[in-house]
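Structure first, then comments.
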Amino acid sequence: MRSLKDIDIKGKKVLIRVDYNVPLDGTRVTDDTRIRESLPTLRHLLGGGAAVVICCHLGQPKAGPTPELSLAPVAAHLAGMLGLSVPLAADCIGPEVKKLIAELGPGQVLMLENLRFYKAETSKDVAEREGFAKELVAGIDVYVSDAFGVAHRPNASVTEAPKFAPKACAGLLMQKEWEFLHGRLSNPERPYMAVSGGSKVSSKLGILKNLLGKVDNLIIGGAMANTFRLAQGIDMGASLVELELLDEARAILAAAPDAGTQIHLPVDFVLATSMKDTVPAVASHTGPVPAGLMALDIGPKSVLVFAEVLKKAKTVVWNGPMGAFENPAFAAGSIGVAKAIVASGALSIVGGGDTDAVVHQAHLGERFSFISTGGGSFLEFLEGKELPGFKALEECS
Ligand code: ADP
Ligand code: MG
């Protein structure tokens, strides 16, 4: 994959695809993490004398231009962060936009309006996407992809635009994701361990199946573990379980030994009557869960068992909280496991929206080797799928 650092950007018109799909409260950006993550690449481009054209999407507009999904608040927020003016073009393609791009000077920024105002951006028809991508890169010298958050989407601005730009490369953020995910996880230092949690086996089934045989140890927590425990014949009371996945869970447990992966399940749980309880009914429960009670976090004994396993790890990948961490009464398991991962000294890679939230809630962000900026894209990577956004960049370098 061609790196931004190998490309001459001085005096060039550079189109950069970023992931600024940020939460808004009216016209106020409530979480600017995604914007902040793009700043190193933007500063590199501006400092190097490029004229920078930013393109991205916001939300899922159903029927063309939707004023509530205009990028105006995002452009204003970025302007504040960069200390530069960031005018927003009224469109993302067309003669007016071309004119603005032609007039844009080195060190200046222009943001294009929401890409998804055009159905072609997300069209299943490749020819339609190609037509839109060609218009998008008109007047552009270099295309830079820095939107790992949409790398799993075959969208025109992600997968077709690099084909039609005179030059295309990965931005600094995209390159870092590539180095850690592809570089460090394709031939990991062993023991290689995965910690998997979250609410549903159904949403993580692909990951569990893909990791079986790849990792030496697979630690399962969160509500997912409830389904696995029930599959082993342990009553889980009122806990969140997926009855239709009991057979899948049994199949995974049965396949693990031959695949060379040791699976570790929680040995105790924190029980309560509801996710809203402020104090657990039982702080550490072993055995069948009584009727009316829910397992809402892994218990302290499980944290110790998991930490003992993790101690030997040389590489750890983590997705999915160990409990309903949004309530502090059920956050100890996730925080305990987060601490055990960083204490192991292993190369540690974390991803997933909620997992990211746990890590930051525990103020451990700096202690992990890498926190992926992808949600869906990180999960698809862990499922073993080839990400179209990576593939497109590989093919044009
Ligand atoms: P990520 O976004 O990191 O991929 P998920 O979305 O799969 O993670 O899972 C996070 C959700 O799982 C959180 O909302 C959390 O409350 C929930 N969860 C974890 N453990 C439990 C549990 N034991 N009971 C109910 N919900 C749980
Ligand atoms: Mg989530």
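Miscellaneous remarks
- Note on the range 344-353: residues that are within 14 Å of ligand 2 (Cβ to nearest atom) and surrounded by fewer than 19 Cβ atoms within 10 Å (Cβ to Cβ) amount to 1.
- L205 vs. criteria among the aliphatic types (A, V, I, L, M), part of a helix (DSSP H, G or I) and surrounded by fewer than 19 Cβ atoms within 10 Å (Cβ to Cβ): yes
- Test for R129: is it assigned to a helix (DSSP H, G or I), more than 16 Å from F370 (Cα to Cα) and in contact with a His (Cβ under 7 Å, 6 or more places away or on another chain): no
- Residues of the range 96-116 satisfying the condition of being assigned to a helix (DSSP H, G or I) and either closer than 20 Å to Y143 by Cβ or at pLDDT below 95 (or both): V97, K98, K99, L100, I101, A102, E103, L115, R116
- One residue stands out in the range 162-190 among those that are charged (D, E, K, R) and not in a helix (DSSP H, G or I): the one that is nearest to L393 (Cα to Cα), namely K167.
- Residue check: S377 meets all listed conditions (1) within 13 Å of ligand 1 (Cβ to nearest atom); (2) more than 11 Å from the chain's Cα centre (by Cα); (3) closer than 24 Å to A168 by Cα but one, namely (2).
- Look at (1) surrounded by fewer than 22 Cβ atoms within 10 Å (Cβ to Cβ); (2) at pLDDT 95 or above; (3) more than 16 Å from ligand 1 (Cβ to nearest atom); (4) not aromatic (F, W, Y) and you find that L387 fails only one, number (1).
- Taking every residue in the range 319-332 that is closer than 21 Å to I207 by Cα and in contact (Cβ under 8 Å) with a residue 40 or more places away in the chain and pairing it with any residue that is assigned to a loop (DSSP other than H, G, I, E, B) and within 14 Å of ligand 2 (Cβ to nearest atom), at least 6 positions away or on another chain, the pairs with Cβ-Cβ distances below 6 Å are N319/G351; N319/G352; G320/G197; G320/G198; P321/G197; M322/G197.
- Residue that is farthest from E189 (Cα to Cα) [pool: residues in the range 331-340 that are buried (at least 24 other Cβ atoms within 10 Å of the Cβ) and over 19 Å from the mean Cα position of the chain (by Cα)]: G333
- Note on the range 361-374: residues that are surrounded by 14 or more Cβ atoms within 10 Å (Cβ to Cβ), within 13 Å of A331 (Cβ to Cβ) and out of contact with any Ser or Thr (no Cβ under 8 Å at 6 or more places or on another chain) amount to 2.
- Pick from the range 208-226, criterion under 21 Å from K301 (Cβ atoms) and not hydrophobic (A, V, I, L, M, F, W, C), ranking: surrounded by the fewest Cβ atoms within 10 Å (Cβ to Cβ): N217
- Residue check, F148 under 19 Å from the mean Cα position of the chain (by Cα), surrounded by fewer than 21 Cβ atoms within 10 Å (Cβ to Cβ) and among the aromatic types (F, W, Y): no
Each row is one residue, and each column tells you yes or no for (1) among the β-branched types (V, I, T); (2) closer than 30 Å to A346 by Cα; (3) within 16 Å of ligand 2 (Cβ to nearest atom); (4) surrounded by fewer than 21 Cβ atoms within 10 Å (Cβ to Cβ).
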site: A238; (1), (2), (3), (4): no, no, no, yes
site: A249; (1), (2), (3), (4): no, yes, no, no
site: A259; (1), (2), (3), (4): no, yes, no, yes
site: F269; (1), (2), (3), (4): no, yes, no, no
site: M275; (1), (2), (3), (4): no, no, yes, yes
site: V289; (1), (2), (3), (4): yes, no, no, no
site: G292; (1), (2), (3), (4): no, no, no, yes
site: S302; (1), (2), (3), (4): no, yes, no, no
site: V309; (1), (2), (3), (4): yes, yes, no, yes
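The values are calculated or read from the model by the stated rules, or taken from the named source; none is laboratory data. None of these values were measured; they are calculated from a predicted model. Neighbour counts run over all protein chains shown; Cβ positions are idealised from the backbone, glycine included.
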